[in-house]
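Here's the structure, in structure tokens; my notes come after.
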Amino acid sequence: MINLIDLQLNELEELMKELGQPKFRAAQVFSWLYKEAGKGAADFNDMTNIPKTIREKLSEISTIGLPEILKVQESKLDGTRKYLFGLADGNGVESVFMRYKFGNSICVSSQAGCRMGCSFCASTLGGLERNLTAGEIAGQILSAERDTGERISHVVVMGSGEPFDNYENLSGFIRIINDPKGLNIGMRNITVSTCGIVPMIERFGEDFPQVNLAISLHASDDSRRSELMPVNRKYPLAELLKACKKYAEKTSRRVTFEYTLVKGVNDSREDAERLAALLCGMLCHVNLIPLNTVKERKFETTSREAAQKFRERLEAKGVPATIRRELGDDIDAACGQLRRSAMVQNLMDQ
Ligand code: SAH
């Protein structure tokens, strides 16, 4: 069975061609999936401008499958909603819906689990289960829009998983949600975060020059970074920063560097100064994230005051930096806290 949510408009056109249908039919169906149905994917029966025979044919060969909401936790502090979604095969992924002044934003997962092994992150605890399809990533947005009845205008691919370890499906996902006939989410409102898979950075810059790129840096020297992030052994800092500089020059887009502050590990004065020296002169911005605690991990977070000092040290050397405002603190919805839940299968069986 084809899940129609997995298809980009041109792929749906191919499918319609196989069914002997004109091209505009694909656009009609595509609109039904995303727009006219208003609150996400509709039932085939709702597609009243599609001939009944075609609707029947479609329902024989395809589904409109959305991730199922198994659990929602709402923050009492800021209204952030954390979803646990069940996928068709029993896997589960988490997403976080956030309200900002500029609109609603969602943090989506790109893989069930993760194989990058960063030592402070919850997403990688059980390893990688599998890649999500383009439709499973897009479906997190549709399901959340349906649930809240509100439009989502901004998307960050910062949930569980490494998006550049699932590049083809990530690309399909971006094209689906960017399509004016689909969710029409502007390229500039999409941010993809990577732990630093270097060859993909160049490709991403070519394929999606308008999408924001964030790099998880977290350390300013190779030995510390390799300890925290095994990916650094394959793609060390010099190579990573070279690719980032090239990306910034080519796209004229500012790269965001995420830097999780871990007490006594990467938050000293020397760390700040070394980081500033690495990034000085580059079109970039540093987003400091005081570590969010993960119960299986022993790391401690940097105090607010120390984070502020770290920020000032970067700024003093001309490197723009901000401290990320964390939403959903009371529901473990913050960076690095999203995980594959062992509970999923049980919840789905209920
Ligand atoms: N795999 C991608 C996407 C995940 S984004 C990446 O690495 O960029 C999630 C961000 O939260 C990453 O910057 C990640 O390093 C960071 N993070 C992971 N664990 C964290 C924790 N415990 N506290 C704060 N940030 C964390």
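How big is the stretch 58-213 in terms of Cα radius of gyration and Dmax, in angstroms?
15.1, 46
Taking Rh as the Kirkwood radius computed over C-alpha pairs, what is the Stokes-Einstein D of the chain at 20 °C in a medium of viscosity 1.002 mPa s, expressed in µm² per second?
Details: Rh = 21.1 Å.
Estimated diffusion coefficient is 102 µm²/s.
Nearest 20 debye, what's the magnitude of the dipole of the chain about its Cα centre given +1 on Lys and Arg Cβ and -1 on Asp and Glu Cβ?
Working: 47 positive and 47 negative charges, 176 e Å.
For the chain, the charge dipole is close to 840 debye.
For the stretch 1-97, I need the span (max minus min coordinate) of the C-alpha atoms along each principal axis, in Å, sorted largest to smallest.
In descending order, the Cα extents are 52, 27, 23 Å.
Determine Rg/Rh for the stretch 145-262; Rg is computed over alpha-carbon atoms and Rh is the Kirkwood hydrodynamic estimate from the same atoms. Can you show the working numbers first?
Details: Rg = 15.2 Å, Rh = 15.1 Å.
Using Cα coordinates only, the ratio equals 1.00.
Take each of the peptides 151-160, 311-320, average the number of other beta-carbon atoms within 10 Å over its residues, and list them starting from the highest.
Numbers: 151-160: 22.2, 311-320: 15.7.
Averaged packing, sorted descending, gives the order 151-160, 311-320.
For each cysteine in the chain, check whether another cysteine's C-beta sits under 4.7 Å from its C-beta; list those where none does.
CYS107, CYS114, CYS195, CYS244, CYS280, CYS284, CYS335
Sum up the charges of everything whose Cβ sits under 14 Å from the Cβ of ALA88, counting Lys and Arg as +1 and Asp and Glu as -1, but leave ALA88 out.
Numbers: positive: ARG130; negative: ASP6, GLU68, ASP89, GLU129, GLU136.
Once all neighbours under 14 Å are counted, the net charge is -4.
From the helices alone, meaning DSSP H stretches of at least four residues, give me the mean residue ellipticity at 222 nm for the chain, per-run term -39500 (n - 2.57), in deg cm²/dmol to the nearest 500.
-10500 deg cm²/dmol
Please compute the net charge surrounding ILE2, taking Lys and Arg as +1 and Asp and Glu as -1 over other residues with Cβ under 13 Å from its Cβ.
Its environment carries a net charge of -4.
As a test, work out the antiparallel percent of DSSP beta bridges whose residues both lie in the chain, rounded to the nearest 5.
On the way: 21 of 46 bridges.
Approximately 45 percent, going by the DSSP bridge assignments.
Using DSSP to define loop residues, name the trypsin sites (Lys or Arg not before Pro) in the stretch 1-94 whose beta-carbon has at most 11 other beta-carbon atoms within 10 Å.
Details: sites: LYS17, LYS23, ARG25, LYS35, LYS39, LYS52, ARG55, LYS57, LYS71, LYS76, ARG81, LYS82; in loops: LYS39, LYS76.
Answer in residue order: LYS76.
Evaluate the distance, in nm, between pseudo-label points positioned 7 Å from the Cα of GLN210 and of GLU68 along their respective Cα→Cβ axes.
With each label placed 7 Å out from Cα toward Cβ, I get 3.8 nm.
Give me the extension gain from CYS280 to ARG115: residue separation times 0.36 nm, minus the current Cα-Cα distance, reported in nm with one decimal.
On the way: separation 165, 0.36 × 165 = 59.40 nm, distance 3.13 nm.
That pair, CYS280 and ARG115, stretches by 56.3 nm at full extension.
What distance in nm separates the two pseudo spin-label positions at LYS52 and LYS250, each 7 Å out from Cα along the beta-carbon direction?
5.4
What order do you get for 5-11, 84-90 when each peptide is scored by the mean count of other beta carbon atoms within 10 Å, highest first?
Values: 5-11: 19.4, 84-90: 17.6.
The most tightly packed comes first, giving 5-11, 84-90.
Beyond 17 Å, how much of the Cα-Cα pair distribution for the stretch 88-162 remains, as a whole percent?
Percent of Cα pairs beyond 17 Å in the stretch 88-162: 45.
Under 20 Å between alpha carbons, and skipping anything fewer than 8 positions from LYS76 in its own chain: which lysines qualify?
Filter leaves LYS101.
Any chance you could run the full-extension gain for LYS242 through GLU227? It's 0.36 nm times the residue separation minus the Cα-Cα distance, nm to one decimal.
Details: separation 15, 0.36 × 15 = 5.40 nm, distance 2.10 nm.
Result: 3.3 nm gained on full extension.
Under 12 Å Cα to Cα from LYS17, which aspartates and glutamates show up? Leave out anything in the same chain fewer than 8 places away.
Output for LYS17: empty list, no partners.
Largest first and to the nearest Å, give the Cα extent of the stretch 210-328 along each principal axis.
40, 31, 31
Between ARG99 and ARG146, take the C-beta separation as r, use R0 = 25 Å, and let me know the FRET efficiency to the nearest 0.05. Walk me through the intermediate numbers first.
Working: r = 16 Å, r/R0 = 0.66.
Efficiency, rounded to the nearest 0.05: 0.90.
Kindly give the semi-axes, whole Å and largest first, of the ellipsoid equivalent to the stretch 158-219, taking each as the square root of 5 times a Cα gyration tensor eigenvalue.
Listed largest to smallest, the semi-axes of the stretch 158-219 are 21, 11, 11 Å.
Quote the FRET efficiency, to the nearest 0.05, computed for THR322 versus GLU273 with a Förster distance R0 of 22 Å and r equal to the Cβ-Cβ distance. If you can, show how the numbers build up before the last one.
Working: r = 19 Å, r/R0 = 0.84.
So, using R0 = 22 Å, E works out to roughly 0.75.
Values in this text are rule-based calculations from the coordinates and carry no lab data. Quick caveat, the model's predicted, so the values are computed rather than measured. Every residue, glycine among them, receives a Cβ derived from its backbone with ideal geometry; neighbour counts consider all protein chains shown.
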